[in-house]
Amino acid sequence: MKAFHLFAALVALAASPLEAGERIAVHVSPRIAFAPATVLVRTTVEKNEDNRAMEVVVDGGEYYRSSLVQLDGDSAPRSTTIELRDVPGGMYVVRATLVGRDGRPHNTVQEEVQILSR
């Protein structure tokens, strides 16, 4: 099991390039796992002086988690990794939303994750 976690961490650390015009990207690993699962959510944010916060939401039937990460404009780290432990079985939508200095959401990206019950 340690080898799996090491592999998942290495995948999460790989650079996720942003497409032209994107300000934020999200990568979830693994996309399919057995419950209870450890899921890594890695976001990549384009450096921009307007970036003030990023909200990461994991939403599924009986499990919800939300994290707000403060960003310091151009000085903010380009990538952030959030580890979710003991995620129960179900289908989940993982959303990352970039918030500007006006306090309003600017960009939202999402991926789906399936955690299989044993």
Checklist line | Subset of region 86-107 (residues that are surrounded by fewer than 15 Cβ atoms within 10 Å (Cβ to Cβ) and either aliphatic (A, V, I, L, M) or not in a strand (DSSP E or B) (or both)) | finding: P88, M91, V93, R101, D102, G103, R104
Notebook entry, point to check: Considering only residues of region 108-118 that are at pLDDT 95 or above and of a type outside the set (D, E, K, R), which is farthest from A25 (Cα to Cα)?
Noted result: L116
Next item on the list: Of the numbered conditions (1) polar (S, T, N, Q); (2) touching a residue at least 40 places away in the same chain (Cβ under 8 Å); (3) crowded, with 16+ Cβ neighbours inside 10 Å, Q110 fails exactly one; give the number of that condition.
Entry: (3)
Notebook entry, point to check: What strands (runs of 3 or more DSSP E), lying completely within region 1-82, carry at least 1 residues that are modelled with pLDDT of 95 or more, under 27 Å from S117 (Cβ atoms) and among the aromatic types (F, W, Y)?
Noted result: 32-34, 64-70
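Residues checked against (1) under 12 Å from R95 (Cα atoms); (2) among the charged types (D, E, K, R); (3) more than 13 Å from the chain's Cα centre (by Cα):
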{"site": "P30", "(1), (2), (3)": "no, no, no"}
{"site": "A33", "(1), (2), (3)": "no, no, yes"}
{"site": "A37", "(1), (2), (3)": "no, no, yes"}
{"site": "E49", "(1), (2), (3)": "no, yes, yes"}
{"site": "R52", "(1), (2), (3)": "no, yes, yes"}
{"site": "E55", "(1), (2), (3)": "yes, yes, no"}
{"site": "D59", "(1), (2), (3)": "yes, yes, no"}
{"site": "Y64", "(1), (2), (3)": "yes, no, yes"}
{"site": "Q70", "(1), (2), (3)": "no, no, yes"}
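The values are calculated or read from the model by the stated rules, or taken from the named source; none is laboratory data. Please read these numbers as outputs of a predicted model, since none were measured by experiment. As a convention, Cβ positions derive from the backbone with ideal geometry for all residues, glycine included, and neighbour counts pool all protein chains shown.
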